[in-house]
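S.K.: One structure follows; several queries about it will come next.
Rule-based calculations on the coordinates, nothing more; no lab input. Keep in mind the model is a prediction, meaning the values are calculated, not measured. So basically every Cβ, Gly included, is an ideal-geometry build from the backbone, and we count neighbours across all protein chains shown.
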Number of protein chains: 2
Amino acid sequence: MSLDTSWYTEIHTAQGSAFSLKIKEKLLDEQSPFQRIEVYETEGFGTLMTLDGLVMVTDLDNFIYHEMVSHPVLFTHPDPKDVLIIGGGDCGTLREVLKHPGVTRAQQVDIDEGVTRAAERFFPELCESNNDPRAELYFDDGIKWVKDAAPGSYDIIIVDSTDPVGPAEGLFSAPFFRDCHRALRDGGLIVQQSESPLYHKKLIDDMRATMRGTGFASTLTLNFPQCSYPSGWWSATLASKNGDLSTFRERDAAAKAFKTRYYNAAIHRAAMALPEFMRS
Amino acid sequence: MSLDTSWYTEIHTAQGSAFSLKIKEKLLDEQSPFQRIEVYETEGFGTLMTLDGLVMVTDLDNFIYHEMVSHPVLFTHPDPKDVLIIGGGDCGTLREVLKHPGVTRAQQVDIDEGVTRAAERFFPELCESNNDPRAELYFDDGIKWVKDAAPGSYDIIIVDSTDPVGPAEGLFSAPFFRDCHRALRDGGLIVQQSESPLYHKKLIDDMRATMRGTGFASTLTLNFPQCSYPSGWWSATLASKNGDLSTFRERDAAAKAFKTRYYNAAIHRAAMALPEFMRS
């Protein structure tokens, strides 16, 4: 059965697969200096935002990604206060980070102000913490931001980027990781979205090797479902400036005072399990 | 972007989503007495079999489903000897079951011989244990089979069915579960594929309630990725005739003498974690 033009389709060329969402209406189509930003009202997934034609966020399933790119790293660090988010322009990660009362400052540095303006308009619930006094929103080049940061500025760096093509390509490179390592305090942690375990195992392996090669002491890849991303299965890879990553503040996670829809302490532990084919 | 006719597409109407695979060639198209069986060579997923237009199995990702519908239940039972598979005509579940040396007999009862004949031809690796002396293949109505089974015939029943429409509809009903309960020995376990946590939470909740309502002592839903099924995220629900399901033979699973590609003891434990939205 072929799909007519009432469907938005994202083709994953290397795997010969595609994911489609039936569209009610296109709400926005604008070319920013960096990328094409489109917003749709879908039949079953609520609002959808795409960047250069690739799904960035949908109402239905963004909670899984946003919770898994933030709470595991925050509950792994013993006492995170200063958090830097690179990318994350839809502000959903920022909202999750600020659920942690111990965080005193969360800087979000996305290169494209257009993404945040679109999120404020079409995903207001993701932006509900943008006015938190601890939130600082910057629209700047994240690679340069980290390069210019004073050594030991952050407890946690979250790289919430698009795929490693276009504006985000440099966020997957050794110089960037080296700068992140320097910008972190002792005990600091970085986490980066690391694509699909099924489709992009080599990218994950390479990212882990690059992180270790740029001074990080250990790495840990977390897996979780993400329906609207290629293969429906996604990952985030943590690296520690020093120390190991085999434990987290499990009691604090179990006793968290804020609500989540996917994350809990058992899910955190579960996301750490590597399938047999990823162990090699 | 719209997809032309060189793509196979499965539309998930209720969610307004679709999953597509680019096709090189159609290898089989036949109408059995029960359903339409099609086999394709895809660009990136290897061979694909569909039943009535819905993905049943692909080379790329069937290992996850087949391993997760079999090894967790087998490592939960203390000493499984007699196993019944309802459905499972592609024989991939049978192959996994027979990796357990303690199993003395595995009966596979699929209503449609055409599925198994197509699997033998196009998925020979899934059928590599069909001639194991412990394997018994029957082509019959699984609902009637369980109804006619002597009480206490099996240690484990695996329901490896298609979606709850068409031939498989009765496999999701109370009378069938009641018959399964009777056909199981003391300590017996049933496991059934239970669709997508994201798309079909009500079905999962209903199945668990029906299992408990038909005499099963406890239930446990396992989650795992399955790229080519709706939402890319799938589940299997276990129920025990008596006894609880909170533990499994973790040491045996960790020391298993056979190879898997997804399953291991840590993954088994991980699959038992329920996301926050499924806890209610």
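S.K.: Sorted from fewest to most neighbouring beta carbons within 10 Å, what does the list A:Ile111, B:Ile158 look like? Could the numbers behind the result be given before it?
M.R.: Working: A:Ile111 24, B:Ile158 29.
Listed from fewest to most nearby Cβ atoms, that is A:Ile111, B:Ile158.
S.K.: In Å and from the alpha-carbon atoms only, list the Rg and Dmax of region B:153-217.
M.R.: 11.7, 35
S.K.: Once amide H atoms are built 1.01 Å from N in the peptide plane, which residues 5 or more positions from B:Leu3, or in another chain, come under 5 Å H to H?
M.R.: It is A:Leu3, by chain and number.
S.K.: Going by Cα centres, region A:104-172 and region B:124-162 are how many Å apart?
M.R.: Result: 54 Å between the Cα centres.
S.K.: Further, regarding this structure: How about region A:25-101: which trypsin sites (Lys or Arg not before Pro) there are in a DSSP loop, with at most 12 other Cβ atoms within 10 Å of their Cβ?
M.R.: Details: sites: A:Lys26, A:Arg36, A:Lys81, A:Arg95, A:Lys99; in loops: A:Lys81, A:Lys99.
Here no trypsin sites (Lys or Arg not before Pro) fit, given the DSSP loop and packing criteria.
S.K.: I would also like to ask the following. I need to check one value: relative contact order of region B:51-165, counting alpha carbon pairs closer than 8 Å and at least 6 residues apart, in percent.
M.R.: Values: 176 pairs, mean separation 37.7, N = 115.
Once divided by the residue count of region B:51-165, the mean separation gives 33 percent.
S.K.: Turning to a different aspect of this structure: For the rotation bringing A onto B, which A residue has its Cβ nearest the axis, and at how many Å?
M.R.: Closest to the rotation axis on chain A: A:Gly232, 1.
S.K.: Same structure, new question: Please state the relative contact order of region A:7-58 as a whole percent: Cα pairs under 8 Å, 6+ residues apart? Display every interim value, and only then the final one.
M.R.: Values: 97 pairs, mean separation 13.3, N = 52.
Taking the mean separation of contacting Cα pairs over the length of region A:7-58, I get 25 percent.
S.K.: To make sure I understand, if each residue's beta carbon is the centre and we count other beta carbons within 10 Å, what order do B:Ile156, A:Ile143 fall in, fewest to most? If you can, show how the numbers build up before the last one.
M.R.: Values: B:Ile156 27, A:Ile143 21.
Ascending Cβ contact count within 10 Å gives the list A:Ile143, B:Ile156.
S.K.: For chain B, what does -39500 (n - 2.57) per DSSP helix run (n ≥ 4), summed and divided by total residues, give at 222 nm, in deg cm²/dmol to the nearest 500? Walk me through the numbers on the way to the answer.
M.R.: Working: 9 runs with 71 residues, N = 280.
Computed mean residue ellipticity for chain B: -7000 deg cm²/dmol.
S.K.: Quick check of the Kirkwood formula: for chain A, what is the inverse mean of 1/r over all pairs of different Cα atoms, in Å? Can you show the working numbers first?
M.R.: Numbers: mean 1/r = 0.0528 Å⁻¹.
Radius from the Kirkwood sum: 18.9 Å.
S.K.: Now for a different question. Starting at 0 and stepping by 5 Å, how many percent of the alpha carbon pairs of region B:7-58 end up in each bin?
M.R.: Pair shares across the bins are 5, 21, 30, 23, 15, 7, 0.
S.K.: Hey, another quick one. At a threshold of 8 angstrom on Cα-Cα distance, excluding pairs fewer than six apart, so keeping six or more, what relative contact order does chain B reach in percent?
M.R.: Computed over chain B, the figure is 16 percent.
S.K.: I would also like to ask the following. Based on the Cβ-Cβ distance from A:Glu136 to A:Lys259, what FRET efficiency comes out when R0 is 25 Å, to the nearest 0.05? The partial results should precede the final answer.
M.R.: Values: r = 24 Å, r/R0 = 0.97.
After rounding, the FRET efficiency stands at 0.55.
S.K.: Which of rounded, prolate, oblate describes region A:42-125, given a ≥ b ≥ c as roots of the alpha-carbon gyration tensor eigenvalues and a/c under 1.5 marking rounded, otherwise prolate only if a/b is larger than b/c? Provide the component values of the computation, followed by the final result.
M.R.: Numbers: a/c = 2.38, a/b = 1.69, b/c = 1.40.
Prolate.
S.K.: Hey, what D do you get for the protein assembly as shown in µm²/s if you plug the Kirkwood alpha-carbon radius into Stokes-Einstein at 4 °C and 1.567 mPa s?
M.R.: Details: Rh = 24.6 Å.
For these conditions, the coefficient is 53 µm²/s.
S.K.: Right, something else. Report, for A:Asp4, each distance to the same residue's label point in the other copies, shortest first and in nm; define the point 7 Å along Cα→Cβ.
M.R.: Inter-copy label distances (nm, one decimal, shortest first): 2.0.
S.K.: So how far, in whole Å, is the C-alpha centre of region B:1-61 from the one of region A:235-280?
M.R.: Centre-to-centre distance over Cα atoms comes out at 35 Å.
S.K.: Distance in nm between label sites at A:Asp186 and A:Thr104, each 7 Å beyond Cα in the beta-carbon direction?
M.R.: With each label point 7 Å from Cα toward Cβ, the separation is 1.8 nm.
S.K.: Viscosity 0.890 mPa s, temperature 25 °C: what is the translational diffusion coefficient of region B:173-276 from Stokes-Einstein with a Kirkwood Rh over Cα pairs, rounded to a whole number of µm²/s?
M.R.: Numbers: Rh = 14.7 Å.
For these conditions, the coefficient is 167 µm²/s.
S.K.: What shape does region B:1-152 take by its C-alpha gyration tensor, where a ≥ b ≥ c are the square roots of the eigenvalues and a/c under 1.5 counts as rounded, a/b above b/c as prolate, and the rest as oblate?
M.R.: prolate
S.K.: Starting from a label point 7 Å past Cα on the Cβ side, list the distances from A:Gly152 to the same position in the other copies, nm, shortest first.
M.R.: 7.2
S.K.: Another question, if that's okay. Rounded, prolate or oblate, given the Cα gyration tensor of region A:92-194, with a/c below 1.5 counting as rounded? Each step should come with its number before you reach the end.
M.R.: Values: a/c = 1.96, a/b = 1.22, b/c = 1.60.
Because a/c hits 1.5 or more and a/b fails to exceed b/c, region A:92-194 counts as oblate.
S.K.: Compare A:Leu84, A:Leu28, A:Leu245 in a GNM of chain A, Cα atoms joined below 10 Å, and give the one with the largest fluctuation.
M.R.: A:Leu28
S.K.: Say each of B:Thr5 and B:Ser173 gets a label point 7 Å from the Cα, pointing the same way as Cα to Cβ; how far apart are those two points in nm?
M.R.: 3.9 nm
S.K.: Okay, next question. Please report, for A:Leu27, the nm distances (one decimal) from its label point, 7 Å out from Cα along the beta-carbon direction, to the equivalent points in the remaining copies, shortest first.
M.R.: Label-point separations across copies, in nm and ascending: 4.4.
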